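Read the structure below first, then the notes.
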Amino acid sequence: MKSTIALIYDFDGTLTPGSMQEYTILPEIGVKPNSFWKEVNDEVKKTGAESVMTYMRLTLKKAAEKDIPVTAERFRSQAGKIRYFKGVPDFFKAINRYSAKTNGRLSVLKHYIISGGLKEILVGTSIAKNFNNIFACEYYYDEYGKAVFPKVIVNSTMKTQYIFRINKGKEDPSESINEHMDENKRPVPFKNMLYIGDGMTDVPSMAVIKKNGGRAIAVYKPKDTREYRTCKELLKASRVDFIAEADYREGSHLVKYIKLIIDTMSAEIKYSEELTAHKAKNSSR
C-alpha cells in the first residue's frame, strides 16, 4: 500500500516572512523591494507579460545596470541571509520524529518545496537538506556561468504540474507526466498530500489536492490582519482545511493541525491495509 505522506510547501510568505529576493539579490543590487515589485506589476499590466518571467528578466536588467554578474554561485551564497518564521529550522526533523514515534511503519514523510522563487537560492538555504525535492524557477547560464534568461518558470498554475509529478513519482522534469497511470500505481496518492501555502497564488495547488482527497493549510504572518482576512476567505471557500499563524514551533496551532492531518492520513493508510488484507483473506475461501 502507498504509505508515503507528502508535505508540500510554498516558500515565500509560507516559510519566510518576505520573498527570498528581498533578503538576497535585491539588496545587493540596491533595489528596494516595494519599488521592484511595483515595477514588475506595472510592466505586467502594461504589456500582458507573465509575472514570474517579468521579475526574472527585471532582476537581470537591474543587476546589469549595476554591473553585478548574476551567477548560480552568487545566488547560493546569498541564501544564508534568508530569515524564517519561528520554528522553521527545527520543524522538519521534529515532525519526522513525531510521525515515526506516533505512527511507526504506517507512514513515511517526504517534504517538498514548490515555489515561484529561484531554485538557485533555495538549494543554498540552511533548510534545503530537509526536502526530497525542490521545484522552482531557474535561469539558463552561459559558458561563463552568467545568468542570461529564464530557463524554467513556476507560476501559480504551473505549480500543479509538480504536484502531479510527486503523485506519479516522476519528479525529473525530463519525464513526461501526460501518459495515463492507474491510480493504484501512483506512489503518492493525492489523499496523502498536505499543501501549506499563504495566499491566492496557492489556490490552484490547494484546489487540485483538495479536490482529490488531500488537505491544505493556509498560513499568515502573525498579527497581519490583511493576510488573516485572505486566509479566512480561503477557509470560507473550502480551499483549505485549517488556517493558522505561520509559527512552526512545537505547541503552535499550525503544528497541532499538521500533526492531526498526519495522524488522520496514517489511520487511513492503516484502514486501507486492513481492508485489503481482509478482502484478500476472505475472497480465497
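List the number of the failed condition for Pro89; all other conditions in (1) closer than 18 Å to Tyr23 by Cβ; (2) open to solvent by less than 60 Å² (accessible area, probe 1.4 Å); (3) out of contact with any helix residue (DSSP H, G or I) (no Cβ under 7 Å at 6 or more places or on another chain) hold.
Evaluating Pro89 over (1) closer than 18 Å to Tyr23 by Cβ; (2) open to solvent by less than 60 Å² (accessible area, probe 1.4 Å); (3) out of contact with any helix residue (DSSP H, G or I) (no Cβ under 7 Å at 6 or more places or on another chain) leaves (2) as the failure.
Out of Tyr84, Tyr55, which single residue is out of contact with any Pro (no Cβ under 6 Å at 6 or more places or on another chain), of a type in the set (Ser, Thr, Tyr), at pLDDT 95 or above and assigned to a loop (DSSP other than H, G, I, E, B)?
Just a single option satisfies the conditions, and that option is Tyr84.
Would you check if there is a residue in the stretch 155-164 being more than 13 Å from Ser205 (Cα to Cα) and either in contact (Cβ under 8 Å) with a residue 40 or more places away in the chain or of a type in the set (A, V, I, L, M, F, W, C) (or both)?
no
Kindly indicate whether Arg186 is modelled with pLDDT of 95 or more and of a type in the set (D, E, K, R).
Here the answer is no, as Arg186 does not meet what is asked.
Every residue, every condition in (1) touching a residue at least 60 places away in the same chain (Cβ under 8 Å); (2) in contact with a Cys (Cβ under 6 Å, 6 or more places away or on another chain); (3) open to solvent by less than 60 Å² (accessible area, probe 1.4 Å), yes or no:
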{"site": "Ser115", "(1), (2), (3)": "yes, no, yes"}
{"site": "Glu120", "(1), (2), (3)": "no, no, yes"}
{"site": "Ser126", "(1), (2), (3)": "no, no, no"}
{"site": "Tyr139", "(1), (2), (3)": "yes, no, yes"}
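Can you confirm whether Ile95 is touching a Leu at 6+ places or on another chain (Cβ under 6 Å) and open to solvent by less than 20 Å² (accessible area, probe 1.4 Å)?
Against the criterion (touching a Leu at 6+ places or on another chain (Cβ under 6 Å) and open to solvent by less than 20 Å² (accessible area, probe 1.4 Å)), Ile95 does not qualify.
Of all residues in the stretch 141-170 being hydrophobic (A, V, I, L, M, F, W, C) and open to solvent by less than 50 Å² (accessible area, probe 1.4 Å), which is farthest from Thr59 (Cα to Cα)?
Selected residue: Ile166.
Give me the helices (runs of 4 or more DSSP H) completely within the stretch 196-285, filtered to those with at least 2 residues that are open to solvent by 80 Å² or more (accessible area, probe 1.4 Å), ordered by residue number.
225-236, 253-283
Considering only the stretch 247-258, I want to know if a residue exists there that is of a type in the set (A, V, I, L, M) and touching a helix residue (DSSP H, G or I) at 6+ places or on another chain (Cβ under 8 Å).
Yes, the stretch 247-258 contains a residue that is of a type in the set (A, V, I, L, M) and touching a helix residue (DSSP H, G or I) at 6+ places or on another chain (Cβ under 8 Å).
Of everything in the stretch 1-49 that's of a type in the set (Asp, Glu) and in a helix (DSSP H, G or I), which residue is nearest to the chain's Cα centre (by Cα)?
Step by step, filter the stretch 1-49, then rank; the result is Glu22.
Kindly establish whether Lys191 is open to solvent by 70 Å² or more (accessible area, probe 1.4 Å), in contact with a Gly (Cβ under 9 Å, 6 or more places away or on another chain) and closer than 21 Å to Ile262 by Cα.
yes
Quickly run through the stretch 235-261 and pick out the residues that are in contact with a strand residue (DSSP E or B) (Cβ under 6 Å, 6 or more places away or on another chain) and under 19 Å from Asn192 (Cβ atoms).
If the condition is that a residue be in contact with a strand residue (DSSP E or B) (Cβ under 6 Å, 6 or more places away or on another chain) and under 19 Å from Asn192 (Cβ atoms), then Val240, Asp241, Phe242, Tyr257, Ile261 are the ones that fit.
Taking the stretch 31-68, which residues are open to solvent by less than 60 Å² (accessible area, probe 1.4 Å) and under 23 Å from Gly145 (Cβ atoms)?
Val31, Val52, Tyr55, Met56, Leu58, Thr59, Leu60, Lys62, Ala63, Ile68
The values are calculated or read from the model by the stated rules, or taken from the named source; none is laboratory data. Note that the structure is a prediction, hence the values are computed from the model and not measured. Note: ideal-geometry Cβ built from the backbone for every residue, glycine included; neighbour counts use all protein chains shown. All accessible areas refer to the heavy atoms of the entire protein, side chains included, with ligands and DNA or RNA removed. Shrake-Rupley method; radii C 1.70, N 1.55, O 1.52, S 1.80 Å.
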